[in-house]
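A.B. asks: Input: one structure, supplied below.
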Amino acid sequence: MVTLTVDGPVSQNEICYIHTGGDSLMAEVIKVVGSQVYVQVFESTRGLKVGAEADFTGHMLEVTLGPGMLSKNYDGLQNDLDKMEGVFLKRGQYTYPLDKESVWHFVPLAKVGDKVKASHWLGQVEENHQPLKIMVPFQQQGECTVKSIVAEGDYTIEDIIAILEDAEGNEVKVNMIQKWPVKVAMTNYVEKPRPFRLLETGVRVIDTLDPITEGGTGFIPGPFGTGKTVLQHAISKQAEADIVIIAACGERANEVVEIFTEFPELVDPHTGRKLMERTIIIANTSNMPVAAREASVYTAMTLGEFYRSMGLKVLLMADSTSRWAQALREMSNRMEELPGPDAFPMDLSSIISNFYGRCGYVKLYNGTTGSITFIGTVSPAGGNLKEPVTENTKKVARCFYALEQDRADRKRYPAINPIDSYSKYVEYPEFQEYIAKRIEPTWLDKVNELKTRLQRGKEISEQINILGDDGVPVEYHVTFWKAELIDFVILQQDAFDEIDAVTPLERQEEIMNLVIDICHTEFKFEVFNEVMDYFKRMINIGKQMNYAPFKSEKYYDYKEQMLDLLKERAISESVSKLLK
Ligand SMILES: Nc1ncnc2c1ncn2[C@@H]1O[C@H](COP(=O)(O)OP(=O)(O)OP(=O)(O)O)[C@@H](O)[C@H]1O
Ligand SMILES: [Mg+2]
């Protein structure tokens with residue numbers, strides 16, 4: 001933090017550049033006390049001396065928005081990392097986030113005489129097969145009339161594509177570039193109804209058990225090394241979203257390098273095109289300046305809001321929001337503010353809820369809809385879920401995917417604890433109605449049954465631990481192993497297997513129905529040993545089935561084997577039901 005004396009007015013969050021030894025360091029105003037201004041420098045302040053001069057820009061930290069952002073790698077301040085010289089970011093080096101030379105094929109959507117307002121669509125260009133809208137500047141006040149608009153053709157982002165006339169008769173020239181301050185939420189929508197459409201992630205334990213919605217919020221708390229990053233990457237690879245924005249926030253650089261090297265090779269399972277074409281990465285790793293880390297999640301959110309205004313489905317991921325909160329803590333401590341719990345800022349709760357509040361499913365002015373779904377990870381120190389970041393996130397995020405050390409230790413991946421985790425969306429009547437239509441009316445009852453069985457399985461396993469295997473009736477073993485079957489065949493999923501990594505909804509439905517039918521089947525056993533051996537064979541077949549391509553010969557082969565196995569032990573009425 002640097003204290004400056006100013007000779008004119010400055011505003012909270014204004015950006016300034018401090019000049020030192022040939023470099024200009026970007027900084028943000030965090031407190032103004034008379035002519036004393038406290039600024040947080042986004043760079044290393046090494047070599048900065050008393051007496052250095054600074055220039056104020058008159059605007060807040062803002063991002064530049066327009067075509068050309070997809071598949072880019074940015075840092076937290078939206079510098080294009082590919083334009084950087086060398087491997088490491090040089091201090092004081094800032095690059096332009098878009099390409100001024102590229103040409104875009106513009107198709108007008110508005111016509112001369114149209115009345116338009118901020119964020120209304122004037123035309124569209126195509127980037128990586130996504131139709132991107134060119135909109136009326138977000139800051140535009142009141143209603144304007146389109147005075148002229150260019151014909152379909154190729155233009156650069158700086159070419160004027162339309163001229164508007166505002167209510168006072170002033171001309172407004174519009175090109176493809178927009179600017180927006182990252183800490184201000186975009187509210188250019190008409191309505192923000194509760195989200196109700198399922199966002200398919202391909203991860204069974206999420207889609208089947210605790211589904212997230214388009215425009216929904218969720219978070220993944222988990223102790224170190226329990227699989228937060230792997231799970232987030234899996235979701236970002238497979239989710240049925242138009243745009244995926246990944247904010248790597250304060251995590252190790254090697255994890256981000258993994259995304260940089262892996263994503264360009266991967267194919268989007270929904271469109272068959274390169275995954276990177278719909279992805280933007282905002283990297284602010286642990287070796288980058290802390291202050292820019294605070295900005296990086298806002299940068300990511302603002303990019304998301306930009307695409308949402310075009311009626312697209314955006315999925316935003318942040319790994320990890322704890323590192324973001326630590327950056328907030330560091331700044332608050334430097335300003336000598338009164339600390340809250342664990343030395344986090346007193347207003348941590350409102351900062352987190354404001355951030356999550358920017359997500360959502362929205363209706364735009366022309367009746368189309370867009371959404372930002374947000375999933376953040378939280379790394380609670382020592383796995384303590386009572387620490388402030390987890391607690392405050394829990395208050396605002398609607399889905400909770402608790403990764404558990406014990407499950408990770410036993411290699412039951414993804415290590416989401418099925419009993420503690422939840423999705424509040426299943427309680428929304430509009431979601432229930434949607435699921436009834438999209439999948440089937442009894443789906444959520446089946447999900448409840450699975451959860452009850454998992455809970456029962458856990459209770460029995462505790463009883464067996466105390467009383468011993470022969471201290472409980474044989475039926476208890478059967479109930480326990482039915483829960484294990486659910487665990488192994490539905491909950492556990494190999495993120496590193498090409499087939500098993502993604503389970504489309506239709507396949508999740510089939511596997512769930514099969515498992516539920518088996519759970520409803522009555523079996524005959526004499527002693528508990530038989531139960532274990534039998535169910536282990538069944539689990540093995542189920543797992544092989546998950547590895548086989550859906551509806552392939554192999555898949556049906558395993559299904560056949562499963563039915564044969566059932567016939568061995570199931571009492572006859574149950575089997576005849578299954579064979580139907
Ligand atoms: N779904 C999965 N399938 C197979 N292996 C997994 C899965 N999830 C996690 N793992 C294993 O767990 C390891 C640690 O996962 P990951 O790096 O995601 O943990 P993390 O919670 O992000 O850790 P950190 O707190 O250090 O960031 C992985 O390298 C991988 O071996
Ligand atoms: Mg991680």
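The values are calculated or read from the model by the stated rules, or taken from the named source; none is laboratory data. Remember, predicted model here, so these are calculated numbers, not experimental data. Neighbour counts run over all protein chains shown; Cβ positions are idealised from the backbone, glycine included.
A.B. asks: When the stretch 206-215 is examined, which residues are found to be more than 15 Å from ligand 1 (Cβ to nearest atom) and among the acidic types (D, E)?
C.D. replies: D210, E214
A.B. asks: Something else: What strands (runs of 3 or more DSSP E) lie completely within the stretch 23-71 and have 2 or more residues being within 30 Å of P264 (Cα to Cα) and touching a helix residue (DSSP H, G or I) at 6+ places or on another chain (Cβ under 9 Å)? So that I can check it myself, show each step before the final result.
C.D. replies: Working: elements: 23-33, 36-41, 54-60, 62-65.
Fully inside the stretch 23-71 and qualifying: 62-65.
A.B. asks: I've got another one for you. Can you tell me how many residues within the stretch 393-429 are among the aromatic types (F, W, Y) and either assigned to a helix (DSSP H, G or I) or within 16 Å of ligand 1 (Cβ to nearest atom) (or both)?
C.D. replies: Going through the stretch 393-429 one residue at a time, the tally reaches 4.
A.B. asks: Still on this structure, I have one more. Return the pairs, sorted by first residue and then second, in which the second residue is aromatic (F, W, Y) and part of a helix (DSSP H, G or I), the first residue lies in the stretch 467-496 and is closer than 13 Å to F535 by Cβ, the beta carbons are less than 6 Å apart, and the residues are 6+ apart or on different chains.
C.D. replies: The qualifying pairs are V474/F528; H477/F528; W481/F535.
A.B. asks: Which of the residues that make up the stretch 234-252 are over 12 Å from T279 (Cα atoms) and either under 9 Å from the mean Cα position of the chain (by Cα) or within 13 Å of ligand 2 (Cβ to nearest atom) (or both)?
C.D. replies: Listed by number, the residues that qualify are A234, I235, A248, C249, G250, E251, R252.
To keep it simple, each residue is scored yes or no on (1) under 25 Å from the mean Cα position of the chain (by Cα); (2) modelled with pLDDT under 95.
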position: V426; (1), (2): yes, no
position: E430; (1), (2): yes, no
position: K458; (1), (2): no, no
position: G468; (1), (2): no, yes
position: L491; (1), (2): yes, no
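A.B. asks: Same structure again: Is it true that A570 is within 15 Å of V205 (Cβ to Cβ) and among the small types (G, A, S)?
C.D. replies: Here the answer is no, as A570 does not meet what is asked.
A.B. asks: Now, a different point. Please name all residue pairs, on different chains or six or more residues apart, with Cβ atoms under 9 Å, provided the first residue is in the stretch 224-236 and is under 13 Å from I212 (Cβ atoms) and the second residue is within 6 Å of ligand 1 (Cβ to nearest atom) and modelled with pLDDT of 90 or more.
C.D. replies: Final answer for the pair search is L231/G222; L231/Y413; L231/P414; L231/A495.
A.B. asks: Report every pair of residues separated by at least 6 positions or lying on different chains whose Cβ atoms are under 6 Å apart, first residue within the stretch 512-534 and within 24 Å of G471 (Cβ to Cβ), second loosely packed, with under 13 Cβ neighbours inside 10 Å and modelled with pLDDT under 95.
C.D. replies: Close Cβ pairs (under 6 Å, with a partner that is loosely packed, with under 13 Cβ neighbours inside 10 Å and modelled with pLDDT under 95) amount to E522/I571; K524/I571.
A.B. asks: Checking V447 against (1) under 30 Å from N529 (Cα atoms); (2) among the β-branched types (V, I, T); (3) touching a strand residue (DSSP E or B) at 6+ places or on another chain (Cβ under 8 Å), only one condition comes out false. Which one?
C.D. replies: That leaves (3) as the condition not met.
A.B. asks: Follow-up. Which members of the stretch 216-228 meet the condition of being hydroxyl-bearing (S, T, Y) and either modelled with pLDDT under 90 or away from ligand 1 (no atom under 11 Å from the Cβ) (or both)? Step through it out loud before you land on a result.
C.D. replies: First, pick out the residues of the stretch 216-228 that are hydroxyl-bearing (S, T, Y): 217, 226.
T217 - this is the single residue of the stretch 216-228 that is hydroxyl-bearing (S, T, Y) and either modelled with pLDDT under 90 or away from ligand 1 (no atom under 11 Å from the Cβ) (or both).
A.B. asks: Please specify each residue of the stretch 518-548 satisfying the condition of being under 22 Å from V502 (Cβ atoms) and among the aliphatic types (A, V, I, L, M).
C.D. replies: I539, I541, M545, A548
A.B. asks: Now a separate question. For the stretch 238-280, name all the residues that are assigned to a loop (DSSP other than H, G, I, E, B), within 16 Å of ligand 1 (Cβ to nearest atom) and touching a residue at least 60 places away in the same chain (Cβ under 8 Å).
C.D. replies: A239, G250, E251
A.B. asks: Give the residue, chosen from E330, E336, that is away from ligand 1 (no atom under 16 Å from the Cβ), at positive phi and modelled with pLDDT under 95.
C.D. replies: Selected residue: E336, the only one of E330, E336 that is away from ligand 1 (no atom under 16 Å from the Cβ), at positive phi and modelled with pLDDT under 95.
A.B. asks: Please name all residue pairs, on different chains or six or more residues apart, with Cβ atoms under 7 Å, provided the first residue is in the stretch 344-362 and is in contact (Cβ under 8 Å) with a residue 12 or more places away in the chain and the second residue is aromatic (F, W, Y).
C.D. replies: So the pair list comes out as Y356/F374; C359/F374; V362/Y189.
A.B. asks: Suppose we filter the stretch 444-462 for residues that are within 22 Å of F431 (Cβ to Cβ), surrounded by fewer than 19 Cβ atoms within 10 Å (Cβ to Cβ) and not polar (S, T, N, Q); how many remain?
C.D. replies: 5
A.B. asks: Filter the stretch 81-127 down to residues that are in a loop (DSSP other than H, G, I, E, B) and among the aromatic types (F, W, Y) and give me whichever is farthest from T20 (Cα to Cα).
C.D. replies: Step one: list which residues in the stretch 81-127 are in a loop (DSSP other than H, G, I, E, B), which gives 84-103, 109-114, 117-120.
With the extra rule that they be among the aromatic types (F, W, Y), the set shrinks to 88, 94, 96.
Details: F88: 20, Y94: 15, Y96: 22 Å.
Filtering the stretch 81-127 for residues that are in a loop (DSSP other than H, G, I, E, B) and among the aromatic types (F, W, Y), the one farthest from T20 (Cα to Cα) comes out as Y96.
A.B. asks: Also, quick follow-up: Being within 16 Å of ligand 2 (Cβ to nearest atom) and part of a loop (DSSP other than H, G, I, E, B) is the filter here, so list the residues in the stretch 214-233 that pass it.
C.D. replies: Matches in the stretch 214-233: G222, P223, F224, G225, T226, G227.
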